[in-house]
Amino acid sequence: MSKNNQNKLIIFDTTLRDGEQSPGASMTRDEKVRIAKALEKMRVDVIEAGFPIASLGDFESVQAVASAIKDSTVCGLARALEKDIARAGEALKPAESSRIHTFIATSPIHMEMKLRMQPDQVLEQAVRAVKQARGLTDNVEFSPEDAGRSELDFLCRIIEAVIDAGATTINIPDTVGYNIPHQFGELIRNLIERIPNSDKAIFSVHCHNDLGLAVGNSLAAVLNGARQVECTINGLGERAGNASLEEIVMAVRTRQDIFPCDTTLDTTQIMACSRLVSSITGFPVQPNKAIVGANAFAHESGIHQDGVLKSRETYEIMRAQDVGWAANRMVMGKHSGRNAFKTRMKELNIDFASEQELNETFSRFKDLADKKHEIFDEDLQALVAETTWSAENEHFKLVSLKVCSETGETPNASLVLNIGDKEVVARSDGSGPVDAVFRAVESVVNSETELQLYSVNAITSGTDAQGEVTVRLEKAGRIVSGQGADTDIVIASAKAYLNALNKLSRSGDREHPQLGDV
């Protein structure tokens, strides 16, 4: 490994692939491109855009990201199968810089129970896949899935073989979040020391957060020689999530006395990217989340406040401005013009697909400005998300809503909906105004879904803040999330429920063929 590689920590973001595997977090092609552009602006080194073989939608999303991104490497995931790798190579053709990431399971339990293959067969298939991928791009990553529970001797054998076959990055996944930091760090050190050709590849890690140790395991690996970390914005990911990009980057940046390497990310873009991902996926960030949570730089204790006022360093180990908290806080209002609106959107990495989309979003902005004195960046991002939701999902649409909620009386709701090309009226009682709205919708839709989650998040502070509602519905094993935003939380709830129903009504949804997760 060159000295330059020793000093550089490569950030591999998999929000668009592994992050999307969170139940209900599926993103459209345009949403993926928006997030990818935000990641590119943050100077993320590698963007894993998706799993091209999964569906036509995934293929087109990877292709769209590959076409849009110029400064970051765009990566596609592929099982160690000929059809997967060929499909990934096709999707990545437009990319300025591309990578194929191929994987196969290597732990005894996965090889026996899932693959039903012998170790030698797994090794041969891995080598064959890497050689095929290397014929399509000179940037090939190989992952031994469930490496954290694999036998060290076999890991050494298969990694040495795939490096000889042309793999340039070796990723060691803790697929089920089973490892402990000191143990995982030792694994990375042992692999690098024992594999004869380890100096010909960059070692990477991909840690899951099942025990809350994804960041700890990743950092332990970096201290033991790993020079790429795979992570996601806000720690998004299936089950308990992945290692959080913002925590990895700021830990390494803040503790340069400990870490022998650093990233080249523009950390001032972290907050904007966090808000964008939260808005698009409908997964709110918890207030006490490190780096990007609302309370991350807040001080209530009198002792803490006194110390910070005298010297920030007494209780703050990093500056809020360094991760974007102080940036992008321009306040807009009803007197802001169309040009100012368009300019601010551009600064937020929001491009409009058409003049019609711009006009519709600006119209929504003006409507909001009549209800809300100050409009912040978070409000603008919610407006764009709402415009996108409306444009993509028109089968069910809210026309009007009337709710009556009075002490001692049963709440009731009356809605007018557009369903396809018909206008229908729906009415129902409920235990509360939101319950009445949902029951009213179901009285005419009869979706046979199960409500798994109802979540309300204030987009900004103040009693006039927009409320952002997330609704998660399940039907026949399929899970979708719907989002809605409005200064009236009941209206936001209705929008979110209809948004989820619209997603369920869409055809051509992605199907993950992978039998396991890297």
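Three principal axis extents describe the C-alpha atoms of the range 393-505; from largest down they are 36, 29, 24 Å.
Once fully extended, how much extra length lies between residue 56 and residue 356, figured as 0.36 nm per residue of separation less the alpha-carbon to alpha-carbon distance?
Values: separation 300, 0.36 × 300 = 108.00 nm, distance 2.68 nm.
Stretched out fully, the residue 56 to residue 356 stretch lengthens by 105.3 nm.
Would you mind telling me the antiparallel percentage of the DSSP bridges in the range 163-312, rounded to 5? Spell out each step's value before the answer.
Numbers: 1 of 11 bridges.
The answer is about 10 percent antiparallel.
Summarising the strand pairing of the chain, around 50 percent of its internal DSSP beta bridges are antiparallel.
When only Cα pairs below 8 angstrom with a gap of at least 6 residues are kept, the chain shows a relative contact order of 12 percent. Of 208, 182, the sequence from fewest to most neighbouring Cβ atoms within 10 angstrom is 182, 208. Spin-label model, residue 82/residue 197: points 7 Å from Cα along the beta carbon direction are separated by 2.3 nm. Whole-percent P(r), the range 21-163, all Cα pairs, 5 Å bins from 0: 2, 11, 19, 19, 17, 15, 10, 6, 1. Length gained on full extension, residue 418 to residue 399, computed as 0.36 nm times the residue gap minus the Cα-Cα distance: 6.2 nm. Here the average projected area of the convex hull drawn through the C-alpha atoms of the range 1-58 stands at 5.1 nm². Roughly speaking, what is the centre-to-centre gap between the range 214-261 and the range 445-479 when only Cα atoms are used, to the nearest Å? Their Cα centres are 31 Å away from one another. Taking all Cα pairs closer than 8 Å and separated by 6 or more residues, the relative contact order of the range 3-281 comes to 21 percent. Using the Cβ-Cβ distance between residue 151 and residue 321 with R0 set to 56 Å, the FRET efficiency works out to roughly 0.75.
Enumerate by residue number the trypsin sites (Lys or Arg not before Pro) in the range 173-239 meeting two conditions: DSSP loop (anything except H, G, I, E, B), and at most 14 other Cβ atoms within 10 Å of the site's Cβ. Provide the component values of the computation, followed by the final result.
Details: sites: 189, 194, 200, 227, 239; in loops: 227, 239.
Answer by residue number: 239.
Counting helices only, and only those DSSP H runs with n ≥ 4, report the 222 nm mean residue ellipticity of the chain as the sum of -39,500 (n - 2.57) divided by its residues, in deg cm²/dmol to the nearest 500. Write down the numbers at each step before the final one.
Values: 16 runs with 199 residues, N = 518.
Calculated from helices alone, the mean residue ellipticity at 222 nm is -12000 deg cm²/dmol.
Distance between the 7 Å Cα→Cβ label points at residue 258 and residue 180: 1.8 nm. Along its first, second and third principal axes, ordered by size, the range 404-451 spans 38, 23, 11 Å in Cα coordinates. If you wrap the tightest convex hull around every Cα atom of the range 3-281 and split its volume per residue, you get 113 Å³. Post the alpha-carbon centroid distance, the range 119-137 to the range 394-442, in whole angstrom. Rounded to whole Å, the Cα centres lie 56 Å apart.
For the range 217-228, 3J(HN,Hα) computed residue by residue from phi via the Karplus equation (6.51, -1.76, 1.60; θ = phi - 60°) reads 5, 5, 5, 4, 5, 4, 5, 10, x, 5, 10, 9 Hz, glycine and proline entered as x.
Assuming 0.36 nm per residue, please report the length gained on full extension of the stretch residue 164 to residue 290 beyond their Cα-Cα distance.
Details: separation 126, 0.36 × 126 = 45.36 nm, distance 4.04 nm.
Fully extending the segment from residue 164 to residue 290 adds 41.3 nm.
Each label was represented as a point 7 Å from its Cα along the Cα-to-Cβ direction; for residue 374 and residue 429 these points are 4.4 nm apart.
With Cα Rg over 2.2 N^0.38 Å in mind, check [x] 1.26; [y] 1.02; [z] 0.97 and report the label derived from this structure. Evaluating Cα Rg over 2.2 N^0.38 Å on these atoms matches [y]. Scattering from the range 338-387 was approximated by placing one identical point on each alpha carbon and applying the Debye formula without solvent; log10 I(q)/I(0) at 0.26, 0.31, 0.33 1/Å stands at -1.07, -1.52, -1.65.
Within the range 401-471, the GluC sites (Glu not before Pro) that combine a DSSP coil assignment with at most 12 other C-beta atoms in a 10 angstrom radius are 406, 409, 448.
Every number in this text was worked out from the coordinates using simple rules, so none of it is lab data. These numbers were taken from a predicted model, which means no experiment stands behind them. Note that each Cβ is placed from the backbone with ideal geometry, even for glycine, and that neighbours are counted across all protein chains shown.
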